[in-house]
Each structure stands twice: as C-alpha cells, then as structure tokens.
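The values are calculated or read from the model by the stated rules, or taken from the named source; none is laboratory data. All of these numbers come straight from a predicted model, not from anything done at the bench. Counting neighbours? That spans all protein chains shown, and the Cβs are built from the backbone with ideal geometry, glycine included. Surface accessibility is based on the protein's heavy atoms, side chains included, excluding ligands, DNA and RNA. Shrake-Rupley method; radii C 1.70, N 1.55, O 1.52, S 1.80 Å.
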Amino acid sequence: MIRIVLAVAVVLVLAPSAHAIDRNCPKGQTWSISLGTCVKKKAAPKLSAQEKFDRANDDLEGKGRGADPKRGVKLLEDNCAGGHGASCTLLGFLYSRGRNVTRDDVKSMEYLVKACTLNDVEGCYHIGNVAYQIAEYPS
C-alpha cells in the first residue's frame, strides 16, 4: 500500500501541469477568449484599432513581457469608445464573466449592445447569453 502511495506521489510531482485548454496558438493566430479557440490574427497597420485589440488580448492572456490585464482592459475601453465593435464585444464578455474585471451584468449588456450596433455579430450573439443569465432583455 505504501508503494502505491509513493508511486502516485512521484507521478504527481513529476507530471507537468495540466491545462483544460491549450492556449499556445500557432504562428499567425491568436487566442480568442470569448470563442475559446485560436483564430487567425487579422493584419493590422501600426496603432490601428485591430492592433490595439490584439495587444489587449495579449495583455489579458499574460503573453509577452510586461503583460498587464488592467492595461488590456483600458485598451479595449478606448478602442470601444472609438467604434471598434470587437473590443466592445470582448469587454461585454469580460464583464459578464467577471474575468479581469468585477462582474457587472449592466456594463456587460451595455458593451454588447454597443458592439451589436457597430455590426459586430459576435456581440449580438452574446446579448442573448447575458440576457438569459440576468433575465432582462434589451429593447
């Protein structure tokens, strides 16, 4: 019995950590938090809304030197205010899950509705999810 316990302990100590989702995307792809999968990175000129969105994603995922989730959220807020629908969608998703921000269903719905008005289909989709969670449906 002691041998079995020791064997299990050795295996647990030597085993690499297990992650539910492998977030090491191939080159040219980035992790989509809200979709839960790797997606093709969109080509973006320097300091464009898409590049800020990509930087925010990296900050939220802890990728790169000096990654800072708070900076990522700020980049998304600025981008959303500038009319970038995908940034509004991601903010809405983060607020609905309480990831890197304090959970706030009202803010979540506001960001998702804004994303939908900016023709971001993913934002429109998530409106239904949040509405179902909080049992309130926007008009």
Practice item. Search segment 62-113 for residues being among the small types (Gly, Ala, Ser) and more than 21 Å from Gly36 (Cα to Cα), and hand back the single one that is least open to solvent (accessible area, probe 1.4 Å). Key: Gly83
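A quick yes/no check of all residues on (1) modelled with pLDDT under 90; (2) part of a helix (DSSP H, G or I):
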residue: Cys88; (1), (2): no, yes
residue: Arg103; (1), (2): no, no
residue: Leu112; (1), (2): no, yes
residue: Ile127; (1), (2): yes, yes
residue: Val130; (1), (2): yes, yes
Revision key, fill the gap. Here the qualifying pairs (Cβ atoms under 7 Å; residues six or more apart or on different chains; first in segment 122-136 and touching a residue at least 12 places away in the same chain (Cβ under 8 Å) and of a type in the set (D, E, K, R); second surrounded by 11 or more Cβ atoms within 10 Å (Cβ to Cβ) and in a helix (DSSP H, G or I)) come out as Glu122/Thr89
Review point. So, of the residues in segment 43-61 that are under 24 Å from Leu112 (Cβ atoms) and open to solvent by 70 Å² or more (accessible area, probe 1.4 Å), which turns out to be farthest from the chain's Cα centre (by Cα)?
Key: Lys52
